[in-house]
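The values are calculated or read from the model by the stated rules, or taken from the named source; none is laboratory data. These numbers come from a predicted model, not from an experiment. Counting neighbours? That spans all protein chains shown, and the Cβs are built from the backbone with ideal geometry, glycine included. Only protein heavy atoms, including side chains, enter the accessible area calculation; ligands, DNA and RNA are left aside. Shrake-Rupley method; radii C 1.70, N 1.55, O 1.52, S 1.80 Å.
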Amino acid sequence: MREIFRREHNVAGSVARKAVNEAARTIDDLDVSVFAAVANTGSPLMDTVMPRLTNAADHSKLWMVIAAGLGATRSRRARRAAVRGVATVAVTSLITNQVAKRFIRRERPSLVDVPIFRMARRVPTSSSFPSGHAASAAAFATAVGTELPVAVTPLTGLAGLVAFSRVATGAHYPSDVIVGWMLGSAIASFGARIVPPAAAPTPVAVHNAPLRLEPRPTGRGVVVVVNPNEIG
């Protein structure tokens, strides 16, 4: 009986490994196809914007500048958003570069098809999986958005462009960027559970029109507030 169980277990394990390997090959083939399609797309706008954008996001400089701008405002919520964004990027960078990239090693894409004037200024040598730029971009946009909802749309759009720039400049395969984005978003969401964002301010009702009350001949229940400086 034990021998039969061992054989069935080995067969099941072999089938599972085969399925995983086939899925990995499918993803690799799709990655290469999409990467090649982007690399061979002629676009002057892409050639100009993508390298500058990806270079600006190196070492999270772009996000630090935005955080500094938020911190310089008089808005308490904006300052909290800046602090949360910087802290989340720091944690995300640590997890991505020191854990995820060491756990799964993947070679960078070939730059043969990427136009030389579109390549990033700094050619990375670490594991391609996952994308640290995409992880930090998603982490910052998500974290700041939890404190400052008005910033969600513009920051998410900018973060998405940074993530795409990693494929356009030849630094990453699309799946590297997708997984990096998911990782950054998950870390920011988890951080919001540990340290909840500040509650939204309670709106104060303002009555511009006079209130009409029922007549009270005896004056009972009526309170009059008078500013003596306004008398006379």
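Data overview
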| item | result |
| --- | --- |
| Hits in segment 111-149 - residues which are polar (S, T, N, Q), surrounded by fewer than 17 Cβ atoms within 10 Å (Cβ to Cβ) and touching a residue at least 24 places away in the same chain (Cβ under 8 Å) | 126 |
| Pair list, Cβ < 8 Å and 6+ apart or interchain, from segment 170-199 residues that are in contact (Cβ under 8 Å) with a residue 40 or more places away in the chain and assigned to a loop (DSSP other than H, G, I, E, B) to residues that are polar (S, T, N, Q) and open to solvent by less than 50 Å² (accessible area, probe 1.4 Å) | 171/54; 171/128; 171/131; 172/128; 172/131; 173/128; 197/146 |
| Verdict on residue 165 being under 25 Å from residue 110 (Cβ atoms) and assigned to a helix (DSSP H, G or I) | yes |
| Count of segment 51-92 residues which are touching a Ser or Thr at 6+ places or on another chain (Cβ under 8 Å) and farther than 22 Å from residue 151 by Cα | 1 |
| Filtered residues of segment 146-183 (kept if closer than 27 Å to residue 77 by Cβ and aromatic (Phe, Trp, Tyr)) | 181 |
| Residues (buried (at least 23 other Cβ atoms within 10 Å of the Cβ) and within 11 Å of the chain's Cα centre (by Cα)) located in segment 156-165 | 159, 162, 163 |
| Residue in segment 55-76 that is in contact with an Asp or Glu (Cβ under 6 Å, 6 or more places away or on another chain) and in contact (Cβ under 8 Å) with a residue 12 or more places away in the chain present | no |
| Per-region count, segment 87-104, residues part of a helix (DSSP H, G or I) and without any contact (Cβ under 8 Å) to a residue 40 or more places away in the chain | 8 |
| Test: residue 42 is closer than 18 Å to residue 165 by Cα, exposed (fewer than 13 other Cβ atoms within 10 Å of the Cβ) and of a type outside the set (A, V, I, L, M, F, W, C) | yes |
| Residue within segment 103-115 that is modelled with pLDDT under 95 and farther than 24 Å from residue 38 by Cβ present | yes |
| Within segment 142-167, tally of residues that are among the small types (Gly, Ala, Ser) and within 13 Å of residue 131 (Cα to Cα) | 4 |
| Within segment 73-110, tally of residues that are open to solvent by 30 Å² or more (accessible area, probe 1.4 Å), of a type in the set (Val, Ile, Thr) and under 17 Å from the mean Cα position of the chain (by Cα) | 4 |
